[in-house]
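One structure is given below, encoded as C-alpha cells.
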Amino acid sequence: MNKPNIALVMGGYSGEHDISILSGCQVYENLDHEKYNIFKIVVDREGWYCLADNGDRIPVNRHNFTIPGVDRFQLAFIIIHGNPGENGVLQGYFDMLRIPYTTSGYYTSALTFHKGYCNPVVKSFGIVNVAPSVLIYDDSQASLAKIEAAQMRYPLFVKPAAGGSSVATTKVKTPTDLLPAIQQAFTEDSQVLVEECINGREFDCGVFRTKTEKLVFPITEIIPLGDHEFFDYQAKYQGFSNEVTPAQCPDSIANLIQQTSSQLYDLLNCRGICRFDYIYDTTRNQLFFLEVNTIPGQSAESIVPKQARAMGISTRQLYQMVIESSL
C-alpha cells in the first residue's frame, strides 16, 4: 500500500515566519515517517520550495501544488502562523485544488484571524465577555476622535487587527503614547484594533475534534515575568513567562474556560487544533475573551502540546490524530 504524501506547510509572509519554521520542524520530527511520506514545504516571499533533509531547495509548482516526483499531496498539514496560513488564504487555495488540510476552513480562518471582526461575533453569542474596542483604518485625527468618543479607560492595548504573536502590540497607559503605538501597529497591518485593557489572570485552552470525539485540553495560565506586563513576543518565545499546565485555579474557573472554549469551537465552526485565550477579571469575577488561534504554536515548548501531554496524549499521538481526522 502506498504511503500518503503529506505536505507540511510552514513559513509564511508575516513576522511569525521563523516561529512557524520552528513549529514545522517540531511537527516533522514527531510525525510517523513509516506511515507517511512527509515533505517540508516552505512558503516564502522569495518563492515556495520543498526543503529536503540535505538542505536542497526544490521549487514548488504553485499552479497545482506539486514538486518533481510527487504528482499529488493527499493532505496539507498547515503550520503557518499569520498570513497566508491562518487568515484563510491558503485554505481557499487548497479548496480550489481539492487538497484536504488540517485547519479550519477559509471562512472561519479569515474571521477569527481579524480581531476587529471576530470580537463582535463572539460577543453576539452571549456566552463570554468581550472588552470594549475600536477598529481604525488610519492614524488620522478622525480615528483619534473615534477612539476618544468611545470613552474607553486606560490602559489600552493597541494591536494589528489581523496579526499574531503580539507583534507590534503595545500597552498604552496615557493618551500621549497612543499615536506612536497606533503608528507602530500600522507597520504590521492596514487595520488596527484599540482595546480596553482587562486586568486579571490570562488563561489558554486548546480544543480539537477527532473523528470520534471532541478533546478539550487542560487549561494553561500565562504569567509574564520581569518587566513584561502582558504576554508579548518576548514573553511568548524568549522565556519571559511562566506557563503553568494545568493551571492552578479553582475548578469553577477551569470548567468555565473549558466549557466556553468548547462552545466557541462549535459556534465558530472550527476544525483542527485551536487555542482560545482569555483574561479572567478577578475583581469582577468575569471571563473575557481575547482571541482564538486556529493554528497555535507547535514548537517543543508551545502551549497546546503541553496541554495534550497533561491529558496523557503524546505529541506524536496528537499529530497522528490530526492527520487521521483530516485525511
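Quick notes on this one:
- Computed 3J(HN,Hα) for region 129-137, one whole-Hz value per residue from the Karplus formula 6.51 cos²θ - 1.76 cosθ + 1.60 where θ = phi - 60°, is 6, 10, 5, x, 7, 9, 9, 10, 10, glycine and proline marked x.
- Backbone HN-Hα couplings from phi across region 30-35 [Karplus 6.51/-1.76/1.60, Hz, Gly and Pro as x]: 9, 8, 7, 6, 6, 9
- Among Thr112, Thr315, Thr187, residue whose mean-square fluctuation peaks in a GNM of the chain (springs only between Cα atoms under 10 Å): Thr187
- Mean ellipticity per residue at 222 nm, deg cm²/dmol - from DSSP H runs of n ≥ 4 across the chain, formula -39500 (n - 2.57): -9000 deg cm²/dmol
- For Gly206, the residues whose modelled amide H falls within less than 5 Å of its own, excluding neighbours fewer than 5 places apart on the same chain, are Phe217, Phe276.
- Extension gain for Ser140 to Thr210 (0.36 nm times residue separation, less C-alpha to C-alpha distance): 20.5 nm.
- Among Lys123, Lys40, Lys306: highest mean-square fluctuation, GNM of the chain, C-alpha pairs under 10 Å: Lys123
- Cross-link pairs Lys40/Lys123; Lys123/Lys214; Lys159/Lys211; Lys123/Lys211 - those with Cα-Cα distance over 27 Å: Lys40/Lys123; Lys159/Lys211; Lys123/Lys211
- Excluding exposed DSSP-loop GluC sites (Glu not before Pro) (at most 15 other C-beta within 10 Å), longest clean stretch of the chain: 47-212
- Evaluating 6.51 cos²θ - 1.76 cosθ + 1.60 at θ = phi - 60° for every residue in region 172-184, the Karplus couplings come out as 9, 9, 9, x, 4, 8, 5, 4, x, 5, 5, 4, 5 Hz, glycine and proline recorded as x.
- Signed unit charges on C-beta, dipole axis of the chain, positive-most listed residue Thr187, Leu8, Tyr154: Leu8
- Sequence-distant residues sharing a close amide H with Ile78 (under 5 Å, placed H): Val9, Thr102, Thr103
- Per-residue SASA entry for Lys211, accessible area with 1.4 Å probe, Å² rounded to 10: 140 Å²
- Remark: relative contact order (region 3-150) = 21 percent; criterion is Cα-Cα distance under 8 angstrom and separation of 6 or more residues.
- Just checking the listed ones, Asp56, Asp266, Asp138: in the Gaussian network model of the chain with Cα springs under 10 Å, the one fluctuating most is Asp56.
- Spacing of the modelled spin labels on His33 and Lys3, each 7 Å from Cα toward Cβ, amounts to 0.8 nm.
- Of the residues Thr103, Tyr36, Ala52, the one whose Cα sits farthest towards the positive end of the charge dipole of region 1-118 is Thr103 (charges of +1 on Lys and Arg Cβ, -1 on Asp and Glu Cβ, taken about the Cα centre).
- Cα gyration tensor shape of region 1-100, rounded if a/c is under 1.5, else prolate or oblate by comparing a/b with b/c: rounded
- In percent, rounded to a whole number, the relative contact order of the chain is 18, using alpha-carbon pairs under 8 Å and six or more apart.
- Here the chain is assigned +1 on the Cβ of each Lys and Arg and -1 on the Cβ of each Asp and Glu. Its dipole about the Cα centre then comes out at about 760 debye.
The values are calculated or read from the model by the stated rules, or taken from the named source; none is laboratory data. Keep in mind the model is a prediction, meaning the values are calculated, not measured. All Cβ positions, even for glycine, are placed from backbone atoms using ideal geometry, and neighbour counts span all protein chains on display. Each accessible area value is taken on the protein alone, full model and side chains, heavy atoms only, with ligands, DNA and RNA left out. Shrake-Rupley method; radii C 1.70, N 1.55, O 1.52, S 1.80 Å.
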